[in-house]
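I have placed the structure first, in the form of structure tokens, so that the comments after it can refer back to it.
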């Protein structure tokens, strides 16, 4: 018999606001433990909330582990490593409250709602077959949603930050120009328009699907069989980062204990697929090696998933790129869209801003954006920025020409 233990200890303090005023405070401290027992060529799993002994957990796998999952692909190599990230978040509550009061007073036309949290995590994966991996870190996360009084929209704006060194006042100040619009809509017609998604990987679901080794090898992905072919623009470089504590991503190992020689895995380089995401099971099946993408929650099995996807930085800041464009849509909230098997996607944009020659001119009207993965990253690509739209963006912004349909 062998076993491994995934232990997650999380502590947090949070405040929430309604109608622009702080109305609740909460402390939380919880431990989650998941065990996998390997015996007779199978995996038996169990989990618990709170502290538990090894004997209790092993007994749980025997009582609640069911018939087991086949296991014939070995273990991650023995490894011992510990990492700790430092954070400067002590002042974040005070700064959040002060800025909330500022905008509530300065912009009485709006109703504000939001929250702020300080959290710390310790994650460990240990085993009797040589794993002794530990990581810890802290970060803060805060957000503000606002609605113009009398507006029929659920929300009219949103901003926030996840960081180990929050700059609440700086981010609030950068958002004042959007609040000053006070519902002013820009005039827009259906047709082609440069678009910047503040979450730039949202439109590429079909590419991400194709980058999982099982989907790729089973020829079930849109880009299966196209490793090394020129598919996208030279400026497209897609990276999966295993460790980025500045945005709270502190687990440098995956759910099986696999590590990478480099925390960053390059999946697309200069427009060509160069890497695939894999776990131990599919690595054996397809005669490959694990890329440390065997993701696992404390109470679930292992699945091949990205760690933290982002586009590598280009040469110019997004603001400089927008300065050269007659008009550009910045899609801040785009939810409820869909993608088909051909890589075509469309999504309504609930919150968007219109820039002309880099200057903010108004809110976008209700519209739908349509394109394809190949166009978004290829023929329609205008540029890849050297930064993300937000201060805490993990990767670079992508600006691409798409079709917009005014509702």
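Coordinate-derived values only; no laboratory data. Remember, predicted model here, so these are calculated numbers, not experimental data. Positions of Cβ are generated from backbone atoms using ideal geometry, with glycine treated the same way; all protein chains shown enter the neighbour counts.
For this structure, a couple of remarks:
- All alpha carbon pair distances within the stretch 246-348 were sorted into 10 Å bins beginning at 0; the resulting P(r) in whole percents reads 11, 29, 34, 20, 6, 0.
- Cα gyration tensor shape of the stretch 110-252, rounded if a/c is under 1.5, else prolate or oblate by comparing a/b with b/c: oblate
- Cα-based Rg / Dmax (Å) for the stretch 304-361: 14.8, 43
- The stretch 60-103: mean projected area of Cα convex hull, nm²: 8.5 nm²
- Estimated from the Cβ-Cβ distance and a Förster radius of 22 angstrom, the FRET efficiency linking residue 299 and residue 129 is about 0.55.
- Candidates 394, 220, 331, ranked by Gaussian network fluctuation over the chain, Cα under 10 Å, top entry: 220
- Taking label positions 7 Å along the Cα-Cβ direction at both residue 220 and residue 88, the computed distance is 4.8 nm, reported to one decimal.
- Residue order for 105, 198, fewest other beta carbons within 10 angstrom first, comes to 105, 198.
- Taking the Kirkwood radius as Rh and the Cα radius of gyration as Rg, the stretch 114-167 has a ratio of Rg/Rh equal to 1.32.
- Distance between the stretch 232-289 and the stretch 38-102 - C-alpha centres, whole angstrom: 21 Å
- Packing-based exposure ordering (other Cβ within 10 Å, fewest first) of 116, 328: 328, 116
- Spherically averaged projected area in nm², based on the convex hull that wraps the Cα atoms of the stretch 184-407: 12.6 nm²
- Taken over the Cα atoms of the stretch 233-296, the convex hull encloses 91 Å³ per residue.
- Acute angle (nearest 10 degrees) that the helix 92-106 long axis makes with the longest principal axis of the chain, alpha-carbon atoms: 20 degrees
- The chain: calculated mean residue ellipticity at 222 nm from DSSP helix runs of at least 4, using -39500 (n - 2.57): -4000 deg cm²/dmol
- GNM top mover of 281, 83, 391 - the chain, alpha-carbon springs below 10 Å: 83
- Relative contact order computed over the stretch 10-62 (Cα-Cα under 8 Å; 6+ residues apart), in percent: 27 percent
- Global geometry of the stretch 206-270, whether rounded, prolate or oblate, following the gyration tensor of its Cα atoms and the 1.5 cut on a/c: oblate
- Axis angle, to the nearest 10 degrees, between helix 168-179 and the longest C-alpha principal axis of the chain: 40 degrees.
- Order of 134, 233, 287 under a 10 Å beta carbon neighbour criterion, fewest first: 287, 134, 233
- A simple spin-label model places pseudo-atoms 7 Å from Cα toward Cβ; at residue 269 and residue 53 they are separated by 5.2 nm.
- Using equal-weight Cα scatterers in the Debye expression, the normalised intensity of the stretch 1-110 in log10 at q = 0.12, 0.18, 0.21, 0.22 Å⁻¹ is -0.67, -0.96, -1.15, -1.20.
- Using the alpha carbons alone, the radius of gyration of the chain stands to its Kirkwood radius in an Rg to Rh ratio of 1.00.
- Fraction of beta bridges assigned by DSSP in the chain that are antiparallel (%, nearest 5): 90 percent
- With the Kirkwood sum run over all distinct C-alpha pairs, the stretch 337-407 has a hydrodynamic radius of 13.5 Å.
- Counting only alpha carbon atoms, the long axis of helix 54-64 and the longest principal axis of the chain meet at about 80°.
- Mean shadow area of the stretch 23-83, taken as a quarter of the surface of its Cα convex hull (nm²): 7.3 nm²
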